[in-house]
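Q: Got a structure for you, written out below as structure tokens; questions coming shortly.
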Amino acid sequence: MILLERTDSTNRLAREYAAQGAAHGTTIAARSQTDGRGRLHKKWFSPPGTGLFFSLVARPAIAVRHYPKVSLAAGLAIGLYLEEMGVRDVGLKWPNDILIGERKVAGILLEGGESAAGPFCIIGVGLNVLSGKGDFPEHLHAKATSLYLATGRTFFLPHLLTGCVQALLGAVAQMEAGGFPEILRQWKMRDALVDRPMQWLTPTGKIVRGMSLGPDDEGILHIRDATGRYHQVLSGDITLAPLW
Ligand code: BTN
């Protein structure tokens, strides 16, 4: 485990280490990031001491075509760990956002790559732990939360970090043992979007409004739009549709 006071992005650094052969389980955590990255080219706000910002190098012993499933497995692992910590109302939003109620408490950026030591994936986790409202930019006030804001409790960051890393390594081991069907079953029990009106911003910028049907056996999300057409979501941004 490599602990840093500050870096640009632990995902970027972990990818560099992985490319040089870093072993499965190598973890890089920082107290803050100057260029924290989210999915879909978003920023991940990472002020010092407010949360966990870490990236795990994983070399899952499964076919590379199954790597995207690790995304769901990782989200569930963090969600289950938070439940173990006594956090209630944990939900999951495809592919790997972790919510408390309707607000996002953690996000995962999964990136794949190749190295001389074989393929790898980087599981980058941002978990808002001690953040107060003012630690989030204004446009996120209604959408984001932290463990502190949601539960009123404070948490010891190093303890949470170890717990999250163990949970992720356990999830990868479960995948390797053919446990994805069980992962999916548990994931679906916490699906925050299923059967709810939602919208999908496609990678080409189109908006599809419809109902989420949840992920299929491969982890791919399905949507039925307002005209009754079905869509497979491989990428893009999913949000709950406004109520009007
Ligand atoms: C998302 O929800 O869009 C994913 C957010 C992932 C953020 C984490 S913070 C640690 C790691 N380093 C990064 O640059 N991003 C991930």
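A short reminder: the numbers here are calculations on the coordinates, not readings from a lab. Since the structure is predicted, the reported quantities are computational estimates derived from the model, not experimental observations. Methodologically, a virtual Cβ is constructed for each residue, glycine included, from the backbone with ideal geometry; neighbour enumeration extends over all protein chains shown.
Q: Cβ neighbours within 10 Å, averaged per peptide: list 173-184, 227-238, 48-59 in order, most packed at the top. Walk me through the intermediate numbers first.
A: On the way: 173-184: 15.2, 227-238: 12.8, 48-59: 22.8.
Order by mean packing, descending: 48-59, 173-184, 227-238.
Q: Kindly work out what percent of the DSSP beta bridges joining two residues of the chain are antiparallel, to the nearest 5.
A: Working: 48 of 56 bridges.
Restricted to the chain, the bridges split so that about 85 percent are antiparallel.
Q: Just rank GLU111, GLU138, fewest to most, by other beta-carbon atoms within 10 angstrom.
A: Values: GLU111 17, GLU138 8.
The most exposed by this proxy come first: GLU138, GLU111.
Q: Taking neighbour counts of Cβ atoms within 10 Å as a proxy for exposure, in what order, fewest first, do LEU140, LEU80 appear? Mind showing how you got there, number by number?
A: Numbers: LEU140 15, LEU80 19.
Ranked by crowding around the Cβ, least crowded first: LEU140, LEU80.
Q: Going through the DSSP H helices of the chain, which span 27 Å or more along their own axis at the Cα atoms while scoring at least -1.0 as a mean Kyte-Doolittle hydropathy?
A: Numbers: long enough: 157-176 (28 Å, 1.02).
What comes out of the filter, once short or polar helices are dropped, is 157-176.
Q: Separate question: Can you tell me which lysines have their Cα less than 26 Å from the Cα of LYS43? Leave out same-chain residues fewer than eight positions away.
A: Those lysines meeting the cut-off are LYS69, LYS93, LYS104, LYS133, LYS143, LYS206.
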